[in-house]
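Q: Below you'll find the structure I mean.
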Amino acid sequence: MSEGIYLDNNATTMVAPEVVDTMLPFLTEQFGNPSSIHQFGNKVGHALKQARKQVQNLLGAEYESEIIFTSCGTESDSTAILSAIKSQPQRKEIITTVVEHPAILSVCEQLKKEGYTIHYLRVDKKGRLDMNKYERLLSDNVALVSVMWANNETGTLFPVTEMAEMANSAGVLFHTDAVQVIGKLPINLKETCIDMLSLSGHKLHAPKGVGALYLRRGVRFRPLLRGGHQERGRRAGTENSASIVALGKACEMAAESLAYEKTTVKALRDKLEHGILSQVSHCFVTGDPSNRLPHTTNIAFEYIEGEAILFLLNKLGIAASSGSACTSGSLEPSHVMKAMDIPFTAAHGSIRFSLSRYNTPEEIDKVIEAVPPIVAQLRKLSPYWSGTSPVEKEQAFAPSYA
Amino acid sequence: MWDYSEKVKEHFYNPHNAGAVEDANAVGEVGSLSCGDALLLTLKVEPETNTIIAAGFQTFGCTSAIASSSALTDIIKGMSLDQALTVSNQDIADYLDGLPPEKMHCSVMGREALQAAIANYRGEKWQNDHEEGALICKCFAVDAVMIEQTIRDNNLRTVEDVSNYTKAGGGCSSCHEGIEEILTKVLAEQGESFNPEAVAGEKPKPKPKLTNLQRIKLIEKLLEDIRPNLQRDRGDVELIEVNGKYIYLKMTGACAGCQMAATTLGGIQQHLVEGLGEFVRVLLPIEELQRRAAMRA
Ligand SMILES: Cc1ncc(COP(=O)(O)O)c(C=O)c1O
């Protein structure tokens with residue numbers, strides 16, 4: 001990275017230079033339509049086949065035809081949910097969680113209006129699910145269980161392989177939004193009961209606007225887009241060949257760097273987290289620190305607000321993100337922080353640092369140095385803060401709330 | 001990241017009047033749980049003249065909440081209490097060279113803290129009647145609570161009604177689905193159902209048909225009404241072309257490139273709609289839009 005320190009890789013990642021090199025010819029001389037018979041199309045067709053293999057390898061899928069290329073993670077999510085309900089019209093319930101990405105939640109809210117029953121599994125203060133509750137909800141009325149593998153805000157992992165087994169024994173389809181996990185943790189789909197899985201290119205150093213849906217062979221399916229025979233009729237539309245080739249290359253590179261993610265990137269994350277927690281009082285890690293992605297830490301700084309923190313970090317060239325209401329454009333604090341019952345004076349000050357294999361120890365040192373003065377500067381302005389500690393209980397700031 | 005004016009950044013990086021005023025005799029504490037902002041305003045009021053001689057703030061909030069607090073304390077220092085009570089959210093936003101529409105609510109809090117502090121000084125009880133819901137219309141910063149109340153109070157039935165009364169949905173129109181949902185909900189409570197085919201009711205009756213010339217003259221006159229407001233902010237507006245319901249205006253002076261231009265245009269449109277008694281759309285000529293885009297780039 002030339003300018004600035006980028007710690008917002010759960011939002012999106014830089015495209016790896018090797019990935020750019022691989023995709024560029026498909027925007028210039030390799031422009032053919034892969035469906036065409038002639039040499040122009042044929043070469044592109046072969047490249048797509050290779051990309052499919054590369055994705056298959058990273059996912060540990062049994063067959064390459066189980067990979068369907070899509071336009072993004074959101075499309076994969078929508079396709080999975082809508083396919084499950086259309087292919088099983090007699091089943092009118094869906095099980096999901098309160099902390100899913102909007103790509104899942106908004107579709108479920110819409111289906112609720114159309115008469116479906118949506119069971120939202122709640123989480124505890126560390127963002128964990130209640131498996132007993134889940135087990136009791138599984139029934140013949142359930143069309144789909146959709147549970148994210150890792151939470152994009154906290155990095156907390158859900159036990160999706162076990163949950164998929166439980167769904168499977170109950171005869172219920174299981175989908176997981178694995179957008180944040182792919183390329184970060186090793187997975188081997190052929191040894192699981194997962195029926196469908198969504199991934200998105202731009203979270204693993206491929207470009208934006210390309211994704212994939214894993215669809216286990218034999219699972220009943222109804223396409224979202226109908227038209228030509230592309231993707232074996234399961235996703236019509238002439239292929240985004242350059243981006244698909246890029247996604248393939250990115251998956252190959254991710255497979256090679258899984259060990260690095262688990263060791264070096266994780267060590268950097270731990271160093272960052274420790275560096276901040278040891279210097280700043282009244283802050284804590286949200287989610288389940290013992291069970292999360294290796295590159296994510298979400299720290300709640302009490303009594304100050306996230307957007308203000310981000311603004312000051314940005315001035316120093318440091319990019320992160322926040323669960324604060326003011327960064328969402330909707331004036332609502334993060335639904336994930338709310339679901340974990342994080343007090344609002346902390347939820348609004350939660351900052352997510354998400355690393356990548358391109359971050360360096362020097363960058364992390366700079367961030368560790370930058371954070372404490374920023375927090376101190378904002379706390380000096382906070383009505384909840386006085387001197388070096390929160391305002392005493394008896395005289396605590398208690399505004400009248402709207 | 002938000003597109004903040006230099007003035008907002010200045011006040012955020014180096015806030016004026018931060019911290020509590022020593023021996024303050026007026027204190028206002030307000031907060032909005034949903035948006036996570038809270039403000040503690042302390043004033044020192046000179047009892048003989050009822051003048052604010054010192055003001056200090058402590059804010060838990062975002063960049064623009066902090067900048068708005070700083071601006072508010074600057075504005076009210078030296079004012080009499082009655083003068084201070086006339087300070088509007090728009091005054092605070094103007095002082096900061098505008099706030100993004102989504103951020104206007106941050107200046108609401110400053111005004112409320114001020115009202116609360118003055119009530120506190122006068123020994124009155126202050127009622128926080130400001131309620132805020134999820135933001136629906138991003139063009140004009142209208143939230144769900146406001147839309148819901150307006151629908152109830154005026155028995156509105158269509159999206160167009162809602163736009164006429166609240167401006168919500170009168171801009172880019174992306175929020176029409178959200179407005180329909182609120183209509184559906186409120187109408188259901190009254191045992192009615194939302195009918196997407198319904199035509200807007202209670203619209204002002206069309207006046208006797210004007211000739212083209214009369215109509216243009218009327219538009220000119222309506223613009224004259226607004227001109228003093230714009231000129232006060234060192235801006236102005238010029239009528240370029242009238243083509244059916246499309247009215248092309250050029251913003252000049254400080255209005256050109258002003259952050260709040262979208263809101264200003266919306267206000268002008270509202271005024272023209274009311275004055276003409278028909279629905280018109282106010283637009284900037286294409287060159288103006290291109291110039292703005294170039295300025296932003
Ligand atoms: C968990 C999760 N699901 C889905 C998405 C959406 O992916 P895309 O941006 O490719 O549509 C994201 C990314 O924002 C995500 O974090």
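Q: Mind checking which residues of the range A:353-365 are assigned to a helix (DSSP H, G or I) and either closer than 20 Å to residue A:298 by Cβ or touching a Pro at 6+ places or on another chain (Cβ under 8 Å) (or both)?
A: Kept after step one, since they are assigned to a helix (DSSP H, G or I), are these residues of the range A:353-365: A:361-365.
Selection gives A:363, A:364.
Q: Please go through (1) facing another protein chain (nearest Cβ under 10 Å); (2) crowded, with 21+ Cβ neighbours inside 10 Å; (3) of a type in the set (Lys, Arg) for residue A:352 and return the number of the only condition it doesn't satisfy.
A: It is condition (1) that residue A:352 fails.
Q: Being outside any helix (DSSP H, G or I) and of a type in the set (Phe, Trp, Tyr) is the filter here; which residues of the range A:1-55 pass it? If you could, list the steps in order and put the result at the bottom.
A: Going through the range A:1-55, the residues outside any helix (DSSP H, G or I) turn out to be A:1-16, A:28-38.
Hits for the range A:1-55 are A:6, A:31.
Q: Another one. Looking at the range B:133-153, is at least one residue crowded, with 19+ Cβ neighbours inside 10 Å, basic (Lys, Arg) and closer than 28 Å to residue B:234 by Cβ?
A: no
Q: Quick one: which residue in A:176, A:192, A:161, A:238 is buried (at least 24 other Cβ atoms within 10 Å of the Cβ) and of a type in the set (Ser, Thr, Tyr)?
A: Working: A:192 fails: buried (at least 24 other Cβ atoms within 10 Å of the Cβ); A:161 fails: buried (at least 24 other Cβ atoms within 10 Å of the Cβ); A:238 fails: buried (at least 24 other Cβ atoms within 10 Å of the Cβ).
None of the other options fit; the residue is A:176.
Q: OK, next. Under the condition of being closer than 29 Å to residue A:355 by Cβ and more than 16 Å from the ligand (Cβ to nearest atom), which residue from the range A:182-211 is nearest to the chain's Cα centre (by Cα)?
A: Going through the range A:182-211, the residues closer than 29 Å to residue A:355 by Cβ turn out to be A:182-189, A:191-192, A:194, A:196-211.
Add one more test, that the residue is more than 16 Å from the ligand (Cβ to nearest atom), and what stays is A:186, A:188-189, A:191-192.
On the way: A:186: 15, A:188: 18, A:189: 18, A:191: 22, A:192: 20 Å.
Of everything passing the filter in the range A:182-211, A:186 is nearest to the chain's Cα centre (by Cα).
Q: Among (1) in a loop (DSSP other than H, G, I, E, B); (2) at pLDDT 85 or above, where does residue B:180 come up short?
A: (1)
Q: State yes or no: is residue A:282 within 14 Å of chain B (Cβ to nearest Cβ) and surrounded by fewer than 21 Cβ atoms within 10 Å (Cβ to Cβ)?
A: Numbers: within 14 Å of chain B (Cβ to nearest Cβ): yes; surrounded by fewer than 21 Cβ atoms within 10 Å (Cβ to Cβ): yes.
In short, yes.
Q: Hey, among A:104, A:37, A:81, A:118, which residue is surrounded by fewer than 14 Cβ atoms within 10 Å (Cβ to Cβ), out of contact with any Phe, Trp or Tyr (no Cβ under 9 Å at 6 or more places or on another chain) and of a type in the set (A, V, I, L, M, F, W, C)?
A: Working: A:104 fails: surrounded by fewer than 14 Cβ atoms within 10 Å (Cβ to Cβ); A:81 fails: surrounded by fewer than 14 Cβ atoms within 10 Å (Cβ to Cβ); A:118 fails: surrounded by fewer than 14 Cβ atoms within 10 Å (Cβ to Cβ).
Just a single option satisfies the conditions, and that option is A:37.
Q: Given the criteria in a loop (DSSP other than H, G, I, E, B), outside the structural domain of residue A:58 (by TED's automatic domain parsing) and out of contact with any His (no Cβ under 7 Å at 6 or more places or on another chain), does residue A:237 qualify? Can you show your working first?
A: On the way: in a loop (DSSP other than H, G, I, E, B): yes; outside the structural domain of residue A:58 (by TED's automatic domain parsing): no; out of contact with any His (no Cβ under 7 Å at 6 or more places or on another chain): yes.
Taking the combined requirement at face value, the residue does not satisfy it.
Q: Restricting to the range B:172-193, what's the tally of residues that are surrounded by fewer than 13 Cβ atoms within 10 Å (Cβ to Cβ) and of a type outside the set (A, V, I, L, M)?
A: Within the range B:172-193, the subset surrounded by fewer than 13 Cβ atoms within 10 Å (Cβ to Cβ) is B:172, B:174, B:177, B:188-191, B:193.
Checking the rest, the ones that are also of a type outside the set (A, V, I, L, M) come to B:172, B:174, B:177, B:189-191, B:193.
Total meeting the criteria: 7.
Q: Out of all the residues in the range B:124-143, which are closer than 21 Å to residue B:111 by Cβ and either charged (D, E, K, R) or at pLDDT 90 or above (or both)?
A: Matches in the range B:124-143: B:124, B:125, B:129, B:131, B:132, B:143.
Q: Looking at this structure, is residue A:253 more than 11 Å from chain B (Cβ to nearest Cβ) and touching an Asp or Glu at 6+ places or on another chain (Cβ under 8 Å)? If you could, list the steps in order and put the result at the bottom.
A: Numbers: more than 11 Å from chain B (Cβ to nearest Cβ): yes; touching an Asp or Glu at 6+ places or on another chain (Cβ under 8 Å): yes.
Taking the combined requirement at face value, the residue satisfies it.
Q: In the range A:326-349, is there at least one residue being among the basic types (Lys, Arg), under 15 Å from residue A:126 (Cα atoms) and away from chain B (no Cβ under 11 Å)? Show your work before the answer.
A: Step one: of the range A:326-349, the residues among the basic types (Lys, Arg) are A:338.
After this cut, where a residue has to be under 15 Å from residue A:126 (Cα atoms) as well, the list is A:338.
Going one step further and asking which of them are away from chain B (no Cβ under 11 Å), we end up with none.
Scanning the range A:326-349 turns up no residue that is among the basic types (Lys, Arg), under 15 Å from residue A:126 (Cα atoms) and away from chain B (no Cβ under 11 Å).
Q: Check whether at least one residue in the range A:365-378 is within 11 Å of another protein chain (Cβ to nearest Cβ) and more than 23 Å from residue A:150 (Cβ to Cβ), and report yes or no.
A: yes
Q: If I ask for residues that are among the small types (Gly, Ala, Ser), farther than 30 Å from residue A:341 by Cβ and more than 9 Å from the ligand (Cβ to nearest atom), which ones from the range A:63-82 would you list? Please lay out each step first, then the result.
A: At the first step, the residues of the range A:63-82 found to be among the small types (Gly, Ala, Ser) are A:65, A:71, A:73, A:76, A:78, A:80.
Applying the additional criterion that residues be farther than 30 Å from residue A:341 by Cβ yields A:65, A:71, A:76.
Of everything in the range A:63-82, just one residue is among the small types (Gly, Ala, Ser), farther than 30 Å from residue A:341 by Cβ and more than 9 Å from the ligand (Cβ to nearest atom), namely A:65.
Q: Follow-up. Of all residues in the range B:136-168, count the ones that are assigned to a strand (DSSP E or B) and under 13 Å from the mean Cα position of the chain (by Cα). Break it down into steps so the answer makes sense when it comes.
A: So the first thing to find is which residues in the range B:136-168 are assigned to a strand (DSSP E or B), and the list is B:136-137, B:142-143.
With the extra rule that they be under 13 Å from the mean Cα position of the chain (by Cα), the set shrinks to B:137, B:142-143.
Number satisfying all stated conditions: 3.
Q: One residue is enough: does the range A:185-197 have a residue meeting the conditions part of a loop (DSSP other than H, G, I, E, B), touching a residue at least 12 places away in the same chain (Cβ under 8 Å) and under 17 Å from residue A:13 (Cα atoms)?
A: From the range A:185-197, those part of a loop (DSSP other than H, G, I, E, B) are A:186-188, A:192-195; that's our starting set.
Okay, now just the ones that are also touching a residue at least 12 places away in the same chain (Cβ under 8 Å), so A:186-188, A:192-195.
The next check asks that each one be under 17 Å from residue A:13 (Cα atoms); those that pass are none.
Within the range A:185-197 (the criterion being part of a loop (DSSP other than H, G, I, E, B), touching a residue at least 12 places away in the same chain (Cβ under 8 Å) and under 17 Å from residue A:13 (Cα atoms)), the answer is no, since none of the residues qualifies.
Q: Based on this model, can you work out whether residue A:268 counts as closer than 30 Å to residue A:33 by Cβ and either in a helix (DSSP H, G or I) or touching a Leu at 6+ places or on another chain (Cβ under 9 Å) (or both)? So that I can check it myself, show each step before the final result.
A: Working: closer than 30 Å to residue A:33 by Cβ: no; either in a helix (DSSP H, G or I) or touching a Leu at 6+ places or on another chain (Cβ under 9 Å) (or both): yes.
No: the conditions fail for residue A:268.
Q: Could you tell me whether residue A:206 is closer than 23 Å to residue A:253 by Cα, among the aliphatic types (A, V, I, L, M) and outside any strand (DSSP E or B)? Before the answer, list the steps.
A: On the way: closer than 23 Å to residue A:253 by Cα: yes; among the aliphatic types (A, V, I, L, M): yes; outside any strand (DSSP E or B): yes.
Answer is yes for this residue.
Q: Quick one: how many residues across the range A:83-138 are part of a loop (DSSP other than H, G, I, E, B) and more than 15 Å from the ligand (Cβ to nearest atom)? Step through it out loud before you land on a result.
A: To start, the set of residues in the range A:83-138 that are part of a loop (DSSP other than H, G, I, E, B) comprises A:88-92, A:98-101, A:114-116, A:122, A:124-128, A:130, A:138.
Now restrict to residues that are more than 15 Å from the ligand (Cβ to nearest atom): A:88-92, A:114-116, A:122, A:124-126, A:128, A:130, A:138.
Here the count works out to 15.
Q: Need the failing condition index for residue B:117 against (1) over 14 Å from the mean Cα position of the chain (by Cα); (2) in a helix (DSSP H, G or I); (3) under 30 Å from residue B:27 (Cβ atoms); (4) not assigned by TED's automatic domain parsing to the domain that holds residue B:83, just the number.
A: (4)
Q: Then there is this: Which condition from (1) in contact with a helix residue (DSSP H, G or I) (Cβ under 7 Å, 6 or more places away or on another chain); (2) more than 11 Å from the ligand (Cβ to nearest atom) is the one that residue A:227 breaks?
A: (1)
Q: Limited to the range A:66-82, what total is found for residues that are under 15 Å from residue A:179 (Cα atoms), assigned to a helix (DSSP H, G or I) and either of a type in the set (Val, Ile, Thr) or free of Cβ contacts under 8 Å to residues at least 40 places away in the same chain (or both)?
A: Taking the range A:66-82 as the starting set, the residues that turn out to be under 15 Å from residue A:179 (Cα atoms) are A:67-80.
With the extra rule that they be assigned to a helix (DSSP H, G or I), the set shrinks to A:73-80.
Remaining after also requiring either of a type in the set (Val, Ile, Thr) or free of Cβ contacts under 8 Å to residues at least 40 places away in the same chain (or both): A:74, A:79.
The number of residues fulfilling the criteria is 2.
Q: Just wondering, is there one or more residues in the range A:313-321 that are part of a loop (DSSP other than H, G, I, E, B), in contact (Cβ under 8 Å) with a residue 40 or more places away in the chain and either more than 14 Å from every other protein chain (Cβ to nearest Cβ) or surrounded by 22 or more Cβ atoms within 10 Å (Cβ to Cβ) (or both)? Working first, answer last.
A: Of all residues in the range A:313-321, those part of a loop (DSSP other than H, G, I, E, B) come to A:316-317, A:320.
Within this subset, residues satisfying the condition of being in contact (Cβ under 8 Å) with a residue 40 or more places away in the chain are A:316-317, A:320.
Remaining after also requiring either more than 14 Å from every other protein chain (Cβ to nearest Cβ) or surrounded by 22 or more Cβ atoms within 10 Å (Cβ to Cβ) (or both): A:320.
Yes, the range A:313-321 has at least one match.
Q: Check whether at least one residue in the range A:10-18 is within 15 Å of the ligand (Cβ to nearest atom), within 14 Å of chain B (Cβ to nearest Cβ) and surrounded by fewer than 20 Cβ atoms within 10 Å (Cβ to Cβ), and report yes or no.
A: The answer is yes; a qualifying residue exists.
Q: For the structure I just gave you, tell me whether residue A:65 is assigned by TED's automatic domain parsing to the domain that holds residue A:179 and under 17 Å from residue A:250 (Cβ atoms). Even if it seems obvious, please write down each step before you answer.
A: On the way: assigned by TED's automatic domain parsing to the domain that holds residue A:179: yes; under 17 Å from residue A:250 (Cβ atoms): no.
Answer is no for this residue.
Q: Only residues in the range A:168-181 that are within 16 Å of the ligand (Cβ to nearest atom) count as the first member; pair them with residues that are aromatic (Phe, Trp, Tyr), Cβ under 6 angstrom, at least 6 apart or cross-chain, and list the lot.
A: A:176/A:149; A:178/A:149; A:181/A:149
The values are calculated or read from the model by the stated rules, or taken from the named source; none is laboratory data. Since the model is a prediction, treat every value here as computed from it, not as a measurement. When we count neighbours, we look across all protein chains shown, and the Cβ atoms used for this are built from the backbone with ideal geometry, even at glycine.
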